[in-house]
Amino acid sequence: MRHAAPGTRTLRQATGALGAVALMALGAAPAVAADPAPTPHLVLGEMAPRVDGLKPGGTYDVPVSFTNTGTAALDKVYLQYSVTRGLSHTELPSNCIRYDVGSYDELPEKSYAICEFDQPVEPGVVYAPEKALTLNVLDYALHDELRVVVDADGSLPGDENGVPVPGTGPAVKLVEKPDATPAEPGSGEHEGWDDANVSVNAENTADLQLSAGKLSGKVGDTVSLEVKLTNAGPGWVLGELDNSVTKVRVTIPAGTTVTKAAPCTKVGAGVYECGTAQRWLKENAVERRTFKLRIDKAVTGAKASAKLTGQARPYDKNPENDSLEIPLDVTGGSSGNGGGSAGTDGGSSSSTGGDSGTSTSGGSGSDGGSTTSGGSSATGTSGSSTTANGDLASTGSGAALPLAGAAAAAVAVGAGAVLVVRRRRSAQQ
C-alpha cells in the first residue's frame, strides 16, 4: 500500500482532471501532449529488518542508502522516517520537517521526519545522506517500529495531522557511495518509491501485573468483581498487529452467577478470557475488567482467580504478580433478594454485555471497563468500535475522514458546472 496519504499528488491529479473538463466544456481542443516523462524508479539499499540491544537514553543512527534504477536523472528526492513513541527525532536539518501523528484504528502514535534533497540524482548511482538521521531511544522504549521511505514526489501525511515543524539544524545533502553496489534495474517493487520496515528493540523491561479488590456479600447480593491489568513499566509494550498485548483469564467463584460480564470471550464454564483494548500498553496504563456476580449460596473455599495468558512476555521479569486469587467472603444470612440454585455461570450470564468504558491510552477499550494511563499522554484516540470477544477493537473504516479538495468550474454558454474533489485519508504505517 502507498507509504503516506498522497495529499499533494491527489490535488495535482484532480487539478489536471478539472482542466480537461473545462476544455471540453468550452469546446476547445487540447494541445497535443508531449511525450510523458520517464517513470522514476527508486530502490533502497538493504536494511536489517531488526535492530537489537539499544540502550534507553541512547541514540541510533539510521543507515539509509538508495539507487535511482531508472533511465533518467531526477531533480529531487525525499526520504521519510516514521517512528513509534519509544523513539524520537533529534534536531532535524533545515531541509526536513516533522509531523506528529496521533493514534487511530490499530495504529499507535507516530512521528514523521520528511527530508527534501533538491539536487540531481543520477541513474545507476548509490546515494546516502552525508550525515545519518539520528534517533533518541527514550526511557520507555522497548519494542518500536521504524519505517523508511525514499520517494520522488514528496507525499506527506494527511492534512489533519497537525502543523509541520521545520528542522533547525544545518541542511544535509546526498553524497555518492562509489564503493556500494547499485540496485539492479527492475528490482524495485513500486513505481517512484520504496520502503523498509525495521523492528527496533531496546534492552528494557515492562512489568505487567494483576490486582483486584475484595469480594464479599450476603446470599442474594449482587457484587462486583473487578480485575485490573497494570503495566508498571518502565517500558511501554507494542504488540503484533491484530493481537492483544496479553490476555487475562478470569474464573468466577463457585456459588455465584454472572449477571453482567465484561465483553470477554467465554472459554469454559465460569471462565472468561479478556484481551487488551489495543495492541499496545503504555507505561503506567491500567485496564479494568468488571463482572457483576449474584451470590446464590455460600460455598466453602469459593474464590475467583485471574492470570495472564496469550503471547510470551520475555520482557516481564516479575512473574509473581501475573496471577492472583480473590476469596469470596459470604457474610451473614440471606439478604432476602432470592438465592436461587447454585451455579458458577447461570443462564442470566452474558458474555457480550458489560460496562461501557473509556480509554486514555490511545484507543477505545474493546473489553469493557475503563482504561487509564500515565506517562506520556496519547495524541489521538481510536474511532474503533468495541468487540464482544475481548480482543482488539474492530478497525472497520472509522478512521476515514473527508477532506475538502480542489474545486474548479467549467463554463459553457448559459450554464456552469462545479466539480468538487474529495479524498479519503489513507492510513499507512
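Taken together, the values in this text are just the output of simple stated rules run on the coordinates, not laboratory data. This one's a predicted model, so the numbers in the text were calculated from it and none came from an experiment. Don't worry about glycine lacking a Cβ; one is built from the backbone with ideal geometry, like all the others, and counts go over all protein chains shown.
For a test of the definition: using alpha carbon positions, the gyration tensor, and the 1.5 limit on a/c, classify region 39-202 as rounded, prolate or oblate. Display every interim value, and only then the final one.
On the way: a/c = 1.67, a/b = 1.48, b/c = 1.13.
It is prolate, given that a/c is not under 1.5 and a/b is the larger ratio.
Could I have the simple spin-label model distance between Val267 and Asp61, label points 7 Å from Cα toward Cβ, reported in nm to one decimal?
Once both label points are built, they end up 4.7 nm from each other.
Rank-order 299-305, 311-317 by packing density, defined as the average count of other C-beta atoms within 10 Å over each peptide's residues, highest first. Don't skip to the answer; put the middle values down first.
Working: 299-305: 15.3, 311-317: 13.1.
In descending order of packing, they fall as 299-305, 311-317.
Find how many whole Å separate the alpha carbon centroid of region 100-136 from the alpha carbon centroid of region 198-260.
Each part reduced to its Cα centre gives a spacing of 38 Å.
Mind running the shape call on region 148-219? Use the C-alpha gyration tensor, a ≥ b ≥ c as the square roots of the eigenvalues: rounded below 1.5 for a/c, prolate if a/b tops b/c, oblate otherwise. It would help to have the intermediate numbers written out before the result.
Details: a/c = 2.77, a/b = 2.33, b/c = 1.19.
Cα axes put region 148-219 in the prolate bin.
What net charge do the residues around Tyr140 carry, taking every other residue with its C-beta under 14 Å from that of Tyr140, with Lys and Arg at +1 and Asp and Glu at -1? Mind showing how you got there, number by number?
Working: positive: Lys55, Arg85, Lys282; negative: Glu109, Asp139, Asp144, Glu203, Asp207, Glu283.
Here the count lands on -3.
For a quick protection proxy, order the peptides 91-99, 286-294 by their average other-Cβ count within 10 Å, most packed first.
Numbers: 91-99: 18.6, 286-294: 23.9.
In descending order of packing, they fall as 286-294, 91-99.
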